[in-house]
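> Attaching a single structure in C-alpha cells format; questions to follow.
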Amino acid sequence: MLEGTLCCFTAEQRIRLEAARVGIAGAGGLGSNAAMMLARSGVGHLIVIDGDVVEPSNLNRQHYFPAHLGRAKVDALKEQLLALNPDIDVDARRLWLDRENIPQLLDLAPLWIEALDNAGTKALFASTAVAAKKNVICGSGMGGFGGHAMKRRRMGNIVVVGDMKTDVADRPPLAPRVMECAAMQADAALEWLLTGNIEDLL
C-alpha cells in the first residue's frame, strides 16, 4: 500500500483494500481516473479492460499525456499505476467487450466500475453484471460544464452516479465533470469495499 495512505485507514481497512479486486470496464475518462484514485487509496488488485488507443482528443479528460499517444490505453494506464505503486497488481487486457466475453470477464472480480462509452455496451455490461450478482458502479450524465448536480443512486447491487440527464452527444465531456463522476465511482467502490462483507468482495 502507498505510504501516504497508511494514516488514512485502520489496519483492518488496509487489509481489506490490499486484498480487494476491482474490475474497470473501460479505460477512458471515467476508467482511467477512477483507477488512479483507487490505486491512491490502496486497492491492491485492478483489472482494466479496454480495446482503444490513446488519441489527442482524449487528453482533455483522460489520465494520459502526449507521450502516451498511439499506445493502448490499458498499457499506458498500467504503466502509470505501477509508477505510482510498484506493488499494485494490474491485470491489463486490451480487448473490446461484447456479449460473448462479458460473462467470463465478470468472473475476474466481484466489484466492477462500468466506464464504457457505447450506450449499448454499457447497458449490456450492467445488466449482465447484475444478473451475475456482481456489484457494479455505472456512470450516467457528465457532459459539458456546470449544469445539473451529480448524485448517486443505489438499486440492489448496482450504483449509478452522475447527473442522470446530460448526454455527451449534446454536451461534449470535459475534465471537471468527467473527473467528478469518476471520483464518485471510486468513492462508491471504497464504500463497498470497506463496509461490505469482505468474503463477497475478494
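> With +1 on each Lys and Arg Cβ and -1 on each Asp and Glu Cβ, and nothing else charged, work out how big the dipole of the chain is about its Cα centre, in Debye to the nearest 20.
Details: 21 positive and 24 negative charges, 93 e Å.
It comes to approximately 440 debye.
> Using per-residue counts of other Cβ atoms within 10 Å, averaged over each peptide, order 44-50, 78-84, 144-150 from highest down. Before the final figure, lay out the partial values.
Details: 44-50: 23.4, 78-84: 15.9, 144-150: 12.6.
Result, highest mean Cβ count within 10 Å first: 44-50, 78-84, 144-150.
> Filter the DSSP H helices in the chain by two things, a Kyte-Doolittle mean of at least -1.0 and an axial alpha-carbon span of 15 angstrom or more, and list the hits by number. Intermediate values should be presented prior to the final figure.
Working: long enough: 29-40 (17 Å, 0.60); 73-84 (17 Å, 0.39); 119-131 (18 Å, 1.02); 175-195 (29 Å, 0.52).
Passing helices, by number: 29-40, 73-84, 119-131, 175-195.
> Now, a different point. Please work out whether segment 9-200 counts as rounded, prolate or oblate from its C-alpha gyration tensor, where a ≥ b ≥ c are the square roots of the eigenvalues and a/c under 1.5 means rounded, while otherwise a/b larger than b/c means prolate and anything else oblate? All intermediate terms of the calculation are to be shown ahead of the outcome.
Numbers: a/c = 1.33, a/b = 1.14, b/c = 1.16.
Since a/c stays below 1.5, the shape of segment 9-200 is classed as rounded.
> Another question, then. Could you count how many Lys pairs in the chain have their Cα atoms under 19 Å apart, skipping same-chain pairs fewer than 8 positions apart?
Working: Lys73/Lys122; Lys122/Lys133; Lys122/Lys134; Lys122/Lys151; Lys122/Lys165; Lys151/Lys165.
Count of close lysine pairs: 6.
> Can you pull the one-decimal nm distance between simple spin-label points at Arg153 and Leu59, each 7 Å off the Cα toward Cβ?
It is 3.7 nm.
> So what's the gap between the Cα centers of segment 63-80 and segment 86-131, to the nearest angstrom?
Measuring centre to centre over Cα atoms gives 19 Å.
> Go ahead and estimate [θ] at 222 nm for the chain from helices alone: -39,500 (n - 2.57) per DSSP H run with n ≥ 4, summed, over the residue count, rounded to 500.
So the calculated ellipticity at 222 nm is -11000 deg cm²/dmol.
> Follow-up question, since we're still on this one. Taking the Cα of Ala131, stepping 7 Å toward and past its beta carbon, and measuring to each backbone N in segment 92-110: which are under 19 Å?
Correct set: 97-110.
Every number here is computed from the coordinates shown, using simple stated rules; none is lab data. Just so we're clear, the structure is a prediction, and the values are computed from it rather than from any experiment. In this analysis, Cβ positions are derived from the backbone assuming ideal geometry, glycine residues included, and neighbour counts consider all displayed protein chains.
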